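Each reported figure results from applying straightforward, stated rules to the coordinates on display, with no laboratory input. No experiment lies behind these values; they were computed from the predicted model shown. In this analysis, Cβ positions are derived from the backbone assuming ideal geometry, glycine residues included, and neighbour counts consider all displayed protein chains.
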Amino acid sequence: MKTNFLFTLLTGLLLFTACSEKPATTYTINGTIPNNSLDGQMIYIYNRDGKSNIDSTNVTGNTFTFTGKMDTPAYCQITASREYYVNFILENGTINLDLSKPVSPSGSPLNDEFARFFAAQDSMSDLIDSKRQELMKQTEDKEERMKLQKDFFQQEWKPAYLAMLDGFFNKNLNNPIGIRALHHMDGYLSPDQVKAKITQLSEPMRNTPDMQDMIQRFEAIEKTAEGKPFVDFTIETEDGSKVSLSDYVGKGKYTLVDFWASWCGPCRAETPVLAEVYNQYKAKGLEVLGVAVWDDQENTKKAIEELKITWPQILNAGETPTKLYGINGIPHIILFGPDGTIVARDLRGDGLKAKVKEVIETK
């Protein structure tokens with residue numbers, strides 16, 4: 001299965017052929033919505049790289065049309081409602097969009113390629129789902145099943161997935177599809193590997209706000225790597241006073257700082273782990289601090305009550321801490337030393353327990 005699938009997938013990546021016709025100088029978007037419920041509503045093209053609306057039109061019945069000119073292709077989205085939206089590449093040419101099919105743009109060369117990219121992603125998801133179902137039938141032993149699934153992921157699925165992404169990346173260095181492929185690789189490659197790939201992108205793609213944000217994130221990671229001193233931040237509280245990370249970190253004790261949010265399932269799942277190590281080692285000088293990011297303050301307060309969290313919290317921190325520490329996913333738990341030095345980053349589960357045990361019991 002592995003060899004045939006990978007051969008088929010990688011061969012498919014090479015089938016894209018450039019259009020030999022004269023390049024279009026303007027774009028025309030022909031769009032449809034499944035029904036007339038949005039008749040007369042204004043919709044917008046949102047540039048997801050530039051984070052701004054760049055065009056608008058009104059829905060007529062169940063159709064809409066955009067016309068204009070685009071100097072550089074951009075990764076965009078049109079959202080008509082919670083149910084109806086589509087992601088596509090805005091480039092000059094004729095683009096066909098169906099808002100009931102969010103990942104099926106067509107018409108122009110890059111949108112045909114983008115649809116192939118989405119289809120390849122779906123194929124990879126189907127592959128791992130199929131393997132999961134196969135293992136469910138193969139063994140009832142949960143521990144054995146998890147080991148087999150992990151082995152499949154590491155030895156077969158991950159290499160095939162990265163090969164697929166790398167194929168799209170290498171073919172699309174001068175357009176947003178290359179950037180999307182790189183974003184997906186980001187979670188599987190080291191920062192140095194991702195930075196090396198950024199240099200391969202064309203200059204216009206490297207200079208998009210999206211890529212500049214990624215570059216800044218890697219710079220932040222380097223500044224807050226293990227062994228570096230902590231970077232302070234200050235958040236204004238509900239009553240107008242201010243609270244800083246330095247109010248808790250660098251005060252002579254080891255401190256676990258949990259960057260989390262109420263809506264984040266994995267964050268909530270780490271709460272019992274934090275409670276366990278806090279109760280076990282607080283008498284020996286361990287402190288725990290929660291920093292609520294990307295969250296509504298009232299929702300955070302509700303979650304604190306639901307989860308019975310007893311350690312102090314910095315609420316409503318927004319994206320300030322995550323930008324300073326280069327965090328693009330939560331939970332992200334950092335262990336700081338007594339002097340504020342960063343001891344370890346991105347701790348979870350048993351790894352978190354082992355690291356705290358190591359530093360507390362050997363100090």
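Going by Cα centres, the stretch 241-306 and the stretch 163-185 are how many Å apart?
Cα centres, the stretch 241-306 to the stretch 163-185: 37 Å.
Could you name the lysines whose alpha carbon sits less than 21 Å from that of Lys223, not counting residues in the same chain fewer than 8 places away?
Hits, sequence-local ones excluded: Lys195, Lys197, Lys251, Lys323.
Suppose only helical runs count, i.e. DSSP H with n ≥ 4. What mean residue ellipticity at 222 nm does that imply for the chain under -39500 (n - 2.57) per run, divided by all residues and rounded to the nearest 500 deg cm²/dmol?
That calculation yields -13000 deg cm²/dmol at 222 nm.
Compute log10 of I(q)/I(0) for the chain with the Debye formula, placing one identical point scatterer on every Cα and leaving out solvent, at q = 0.10 Å⁻¹, to two decimals.
-0.83
Over the chain, what is the relative contact order in whole percent, taking alpha-carbon pairs under 8 Å and six or more residues apart?
So the answer I get is 12 percent.
Quick one: helix 349-361 against the long Cα principal axis of the chain, what's the angle to the nearest 10°, folded into 0 to 90?
The two axes meet at around 30 degrees.
Reachable lysines from Lys101, Cα under 23 Å, same-chain residues fewer than 8 places away excluded?
Filter leaves Lys51.
Which log10 I(q)/I(0) values does the stretch 115-186 give at q = 0.18, 0.21, 0.23 Å⁻¹ under the Debye formula, counting every alpha carbon as one identical point scatterer?
At q = 0.18, 0.21, 0.23 Å⁻¹ the computed log10 ratios are -0.72, -0.86, -0.95.
Report the net charge of residues surrounding Ser106, where surrounding means a beta-carbon distance below 12 angstrom and charges are Lys +1, Arg +1, Asp -1, Glu -1.
-1
Note down the net charge around Gln280, summing +1 for each Lys or Arg and -1 for each Asp or Glu among other residues with Cβ under 11 Å from its Cβ.
Values: positive: Lys282, Lys284, Lys353, Lys357; negative: Glu276, Glu361.
Local charge sum for Gln280: +2.
Just to confirm a number: summing +1 for Lys and Arg and -1 for Asp and Glu over residues other than Arg116 whose beta-carbon lies under 13 angstrom from that of Arg116, what do you get?
Around Arg116, the charge tally is -1.
5 Å is the cut-off here: which amide hydrogens, built 1.01 Å from N in the peptide plane, fall below it relative to Ile330, excluding neighbours closer than 5 in sequence?
Amide H to amide H, under 5 Å and 5 or more residues apart or across chains, Ile330 pairs with nothing.
Can you bin the stretch 123-235 into rounded, prolate or oblate? Criterion: square roots of the alpha carbon gyration tensor eigenvalues sorted a ≥ b ≥ c, rounded for a/c under 1.5, prolate for a/b above b/c, oblate for the rest.
oblate
With the contact rule set at Cα under 8 Å and sequence spacing of 6 or more, what percent relative contact order holds for the stretch 155-284?
Relative contact order here is 11 percent.
Can you give me the Kirkwood hydrodynamic radius for the stretch 144-303, using every pair of distinct Cα atoms, in Å to one decimal? Please list the in-between numbers first.
Working: mean 1/r = 0.0516 Å⁻¹.
For the stretch 144-303, the Kirkwood estimate is 19.4 Å.
How big is the convex hull of the Cα atoms of the stretch 250-350, per residue, in Å³? Let's see the in-between values first.
Details: hull volume 9.4 nm³, N = 101.
So the per-residue hull volume is 93 Å³.
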